[in-house]
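Chemist: The structure's right below; bear with me while I get my questions together.
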Amino acid sequence: ALIAALSGVPAEELCDGGASVNRAGSNEALVARKVSILERAMAFHGDKDFQADPKLALRAVGGAEIAALVGGMLECSERRIPVLVDGFIVTAAALVASLMDATATQVMLFATRSTERGQATALELIRRVARDSGYPEPCEPALNMGLRMGEGTGALAALPLVRSACSITEMATLREVLDLDMSRSADASADEMPSS
């Protein structure tokens, strides 16, 4: 509901089967029910300008868990602590956080691409917030594996990639290695010279 409220995109363009999808495919009756619930929520709050006030959207159609996620993301942003955003619901919270404070986009690392179409809408809005504020756009989600489990499983799968990326940034450059090798050679040559 938050992504619909903040984007203005129709419900049928945001909803998919989510965790209910199995090998037989999507449960179309469930998707239709989700769309109907979303449309009723938007109609109930139809006179509100959620796009201009993300806090109002959060109060009206968000839940306590999303509000907690938003608060955590904003605090992490203030402290410059990276946030691993995993899946659809957490991306909805990331959208609210970015609209409340564009600097939050700078600490967001997206773990997984959700199978829910609405995540793509939220990601594009988050990128737009970053661009419009003069910040680099957050990267694409690290993984696209069709996960539908939730419970942070995508973040757990992406964490080794994030750790590897951090390790790579700490590696010496070729220039540093060559300079180090040359300085060792110079030290060795100086030690071998006879004293006068």
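Chemist: Could you list all residues from the range 1-32 that are in a loop (DSSP other than H, G, I, E, B) and modelled with pLDDT of 75 or more?
Modeler: Passing the criteria: 1, 8, 9, 10, 14, 15.
Chemist: Could you please find all residues in the range 119-166 being of a type in the set (Gly, Ala, Ser), more than 16 Å from residue 108 (Cβ to Cβ) and touching a residue at least 60 places away in the same chain (Cβ under 8 Å)?
Modeler: 150
Chemist: Could I ask something else about it? Restricting the range 41-66 to residues that are free of Cβ contacts under 8 Å to residues at least 24 places away in the same chain and not charged (D, E, K, R), which is surrounded by the most Cβ atoms within 10 Å (Cβ to Cβ)?
Modeler: Checking each candidate, the answer is 56.
Chemist: Would you please list the contacts, defined by Cβ atoms under 6 Å and residues six or more apart or on different chains, that run from a residue in the range 23-39 that is within 27 Å of residue 57 (Cβ to Cβ) and surrounded by 15 or more Cβ atoms within 10 Å (Cβ to Cβ) to a residue that is at pLDDT 80 or above and not aliphatic (A, V, I, L, M)?
Modeler: Listed pairs, sorted by first residue: 35/12.
Chemist: Assess whether residue 125 counts as being open to solvent by 20 Å² or more (accessible area, probe 1.4 Å), within 18 Å of residue 50 (Cα to Cα) and in a helix (DSSP H, G or I).
Modeler: yes
Chemist: Moving on. Can you say whether residue 84 is modelled with pLDDT of 95 or more and closer than 26 Å to residue 158 by Cβ, as far as the supplied structure shows?
Modeler: Spelling it out, it is not the case that residue 84 is modelled with pLDDT of 95 or more and closer than 26 Å to residue 158 by Cβ.
Chemist: Next up: In the range 60-70, how many residues are assigned to a helix (DSSP H, G or I) and closer than 10 Å to residue 2 by Cα?
Modeler: The total comes to 3.
Chemist: Still on this structure, please answer the following. Is it fair to say residue 115 is among the β-branched types (Val, Ile, Thr), at pLDDT 95 or above and surrounded by fewer than 21 Cβ atoms within 10 Å (Cβ to Cβ)?
Modeler: No; evaluated as a whole, the condition is false for this residue.
Chemist: In the range 153-163, is there at least one residue being at pLDDT below 95, farther than 19 Å from residue 14 by Cα, in a helix (DSSP H, G or I) and within 11 Å of the chain's Cα centre (by Cα)?
Modeler: yes
Chemist: Check 93, 120 and return the single one that is among the small types (Gly, Ala, Ser) and surrounded by fewer than 19 Cβ atoms within 10 Å (Cβ to Cβ).
Modeler: That would be 120, the only listed residue that is among the small types (Gly, Ala, Ser) and surrounded by fewer than 19 Cβ atoms within 10 Å (Cβ to Cβ).
The values are calculated or read from the model by the stated rules, or taken from the named source; none is laboratory data. These numbers come from a predicted model, not from an experiment. Every residue, glycine as well, gets a Cβ built from its backbone with ideal geometry; the counts of neighbours run over all protein chains shown. The area values use the complete protein model at the heavy-atom level, side chains included, leaving out ligands, DNA and RNA. Shrake-Rupley method; radii C 1.70, N 1.55, O 1.52, S 1.80 Å.
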